[in-house]
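Worksheet for the structure shown next.
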Amino acid sequence: MHIMEGYLPVKHAIGWSIASAPFLGLGLHRISRWTRDNPSGKLFLGACAGFAFVLSALKIPSVTGSCSHPTGIGLGAVLLGPFPMMVLGTIVLLFQALFLAHGGLTTLGANAFSMCIVGSFLAWGVNRTAIGLRVPQGGALFMAAALSDLGTYMVTSFQLGLAFPSVQGGVLASTAKFFVIFVPTQLPLAISEGLLTVFVVNLLRSHLGNDKRFPVLNGAS
Amino acid sequence: METKTKNILLVGGTVAMSVFALAFPRPATGEPFGGSDDQACAAIAEIDPGYKPWFSSLWEPPSGEIESLIFGLQAASGAGVLCYALGFWRGRRRTEGENA
């Protein structure tokens, strides 16, 4: 989902950076509060960041004949709440922008907005809603991670559509064009990300036991 | 179902899905199993042929090999931290069980 370096017009690049900044500021604040209030809190942050590092390094083939990668945002957003994960996800984006020429510094704001901010809110919100509807925890978690992954790529499509409206049909037509590139490829990957997230939460539950801080660990499967 | 069985199915399902994807017909144009990011760049060039990226990456991996090295490092460091945490918690839980 990374919009490549320099591929957003200056105004868009600045606009998305301004839009992302307050969320990341709040995220940093929540992280410092979390590490202060929780013994071995840093290890939780590390584990969630680690999962995002692994998943976003895996370029997986899809049924459309192209490759893409999952985001790994859902796990941390459900476990820690949406705000800390926004910062951890942005670190992943920064790493890839600096050392892999994947994404970029000028597009960091836009990429952080789609993957970290929308992705985190989606995962957290879907999990909450599903639990409210009495979906078993494993299913709720699967939907949270998969929809957060898919939603990220939908936002990317919209960001590109907004920046490059078609001569005929404008923003909507060109959003649809990017949507067709990203979303069908991402569909099986989103399912994979959902399965892997449930797997890791199962491991966490086996090894952490019934940690009261994380209601999600009480009933995953 | 036991958690262990479920975990095997979860990981097996993920692997099966990507292997299954390889069997699908490749698109007539473009590199087979290329990145969807590159396709997006091609689409931008199609919509707005005059657009020139106004900034380029400060540093690019000099070759595909170096790029795969850094991707490997990214995955390994992430897995390292995640598995350190899992092992740490597993060990702590075991010792707590012995002391109780």
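A short reminder: the numbers here are calculations on the coordinates, not readings from a lab. Since the model is a prediction, treat every value here as computed from it, not as a measurement. Counting neighbours? That spans all protein chains shown, and the Cβs are built from the backbone with ideal geometry, glycine included.
Pick from A:Pro84, A:Pro39: which is of a type outside the set (Ser, Thr, Tyr) and within 20 Å of the chain's Cα centre (by Cα)? Break it down stepwise before answering.
On the way: A:Pro39 fails: within 20 Å of the chain's Cα centre (by Cα).
Criteria check complete, one pass: A:Pro84.
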Report task. Within the stretch A:69-96, track down each residue that is surrounded by fewer than 24 Cβ atoms within 10 Å (Cβ to Cβ) and within 20 Å of B:Gly35 (Cα to Cα). Result -> A:His69, A:Leu94, A:Phe95, A:Gln96
**Report entry** Exclusive hit being under 20 Å from A:Leu217 (Cα atoms) and crowded, with 24+ Cβ neighbours inside 10 Å, set A:Ala146, A:Ala130
**Finding:** A:Ala146
Report task. Among the candidates A:Ala13, A:Ala19, A:Ala47, single out the residue that is over 17 Å from the mean Cα position of the chain (by Cα) and part of a helix (DSSP H, G or I). Result -> A:Ala13
Query raised in the report: Is it true that A:Val118 is of a type in the set (Val, Ile, Thr) and under 19 Å from A:Thr197 (Cα atoms)?
Result: yes
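Can you tell me how many residues within the stretch B:2-25 are within 8 Å of chain A (Cβ to nearest Cβ) and either out of contact with any strand residue (DSSP E or B) (no Cβ under 6 Å at 6 or more places or on another chain) or hydroxyl-bearing (Ser, Thr, Tyr) (or both)?
Within the stretch B:2-25, the subset within 8 Å of chain A (Cβ to nearest Cβ) is B:3, B:6-7, B:10-11, B:13-14, B:17-18, B:20-22, B:24-25.
Then drop every residue that is not either out of contact with any strand residue (DSSP E or B) (no Cβ under 6 Å at 6 or more places or on another chain) or hydroxyl-bearing (Ser, Thr, Tyr) (or both), which leaves B:3, B:6-7, B:10-11, B:13-14, B:17-18, B:20, B:24-25.
Of the residues in the stretch B:2-25, 12 are within 8 Å of chain A (Cβ to nearest Cβ) and either out of contact with any strand residue (DSSP E or B) (no Cβ under 6 Å at 6 or more places or on another chain) or hydroxyl-bearing (Ser, Thr, Tyr) (or both).
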Query raised in the report: Is the stretch B:12-35 home to any residue that is surrounded by 13 or more Cβ atoms within 10 Å (Cβ to Cβ) and touching a Phe, Trp or Tyr at 6+ places or on another chain (Cβ under 6 Å)?
Result: no
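Scan B:Gly87, B:Gly64 and give me the residue that is under 28 Å from A:Gly138 (Cα atoms), surrounded by fewer than 15 Cβ atoms within 10 Å (Cβ to Cβ) and either more than 7 Å from chain A (Cβ to nearest Cβ) or touching a residue at least 12 places away in the same chain (Cβ under 8 Å) (or both). Explain how you work it out, then say what you get.
Numbers: B:Gly64 fails: under 28 Å from A:Gly138 (Cα atoms).
Only one candidate passes the filter, namely B:Gly87.
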Query raised in the report: What are the residue pairs meeting all of these: first residue in the stretch A:68-86, first residue over 18 Å from A:Lys212 (Cα atoms), second residue among the basic types (Lys, Arg) and assigned to a helix (DSSP H, G or I), Cβ atoms under 6 Å, and 6 or more apart or on different chains?
Result: A:Phe83/A:Arg30; A:Pro84/A:Arg30
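Please work out if B:Ala76 is in a helix (DSSP H, G or I) and either under 30 Å from A:Leu75 (Cα atoms) or at the interface with another protein chain (Cβ under 8 Å from one of its Cβ atoms) (or both).
On the way: in a helix (DSSP H, G or I): yes; either under 30 Å from A:Leu75 (Cα atoms) or at the interface with another protein chain (Cβ under 8 Å from one of its Cβ atoms) (or both): yes.
For B:Ala76, the condition - in a helix (DSSP H, G or I) and either under 30 Å from A:Leu75 (Cα atoms) or at the interface with another protein chain (Cβ under 8 Å from one of its Cβ atoms) (or both) - is met.
For the stretch B:37-53, does any single residue satisfy the condition of being in contact (Cβ under 8 Å) with a residue 12 or more places away in the chain, under 30 Å from A:Val171 (Cα atoms) and outside any helix (DSSP H, G or I)?
In the first step, residues of the stretch B:37-53 are kept if they are in contact (Cβ under 8 Å) with a residue 12 or more places away in the chain; the result is B:42.
Among the residues that remain, those that are also under 30 Å from A:Val171 (Cα atoms) are: B:42.
Next cut, outside any helix (DSSP H, G or I) only: none.
The answer is no, given that none of the residues of the stretch B:37-53 is in contact (Cβ under 8 Å) with a residue 12 or more places away in the chain, under 30 Å from A:Val171 (Cα atoms) and outside any helix (DSSP H, G or I).
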Report task. Enumerate the pairs (first residue in the stretch A:152-180 and surrounded by 14 or more Cβ atoms within 10 Å (Cβ to Cβ); second residue anywhere and among the acidic types (Asp, Glu) and part of a loop (DSSP other than H, G, I, E, B)) with beta-carbon separation below 8 Å, excluding pairs fewer than 6 apart on the same chain, so at least 6 apart or on different chains. Result -> A:Phe164/B:Asp48
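If only one of A:Leu28, A:Leu24, A:Leu55, A:Leu8 is surrounded by fewer than 20 Cβ atoms within 10 Å (Cβ to Cβ), within 21 Å of A:Gly109 (Cα to Cα) and more than 7 Å from chain B (Cβ to nearest Cβ), which one is it?
Working: A:Leu24 fails: surrounded by fewer than 20 Cβ atoms within 10 Å (Cβ to Cβ); A:Leu55 fails: surrounded by fewer than 20 Cβ atoms within 10 Å (Cβ to Cβ); A:Leu8 fails: surrounded by fewer than 20 Cβ atoms within 10 Å (Cβ to Cβ).
Just one listed residue meets the conditions, A:Leu28.
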Report task. Tell me, please, whether a residue that is in contact with a helix residue (DSSP H, G or I) (Cβ under 7 Å, 6 or more places away or on another chain), part of a helix (DSSP H, G or I), within 24 Å of B:Thr3 (Cα to Cα) and at the interface with chain B (Cβ under 8 Å from one of its Cβ atoms) can be found in the stretch A:157-173. Result -> no
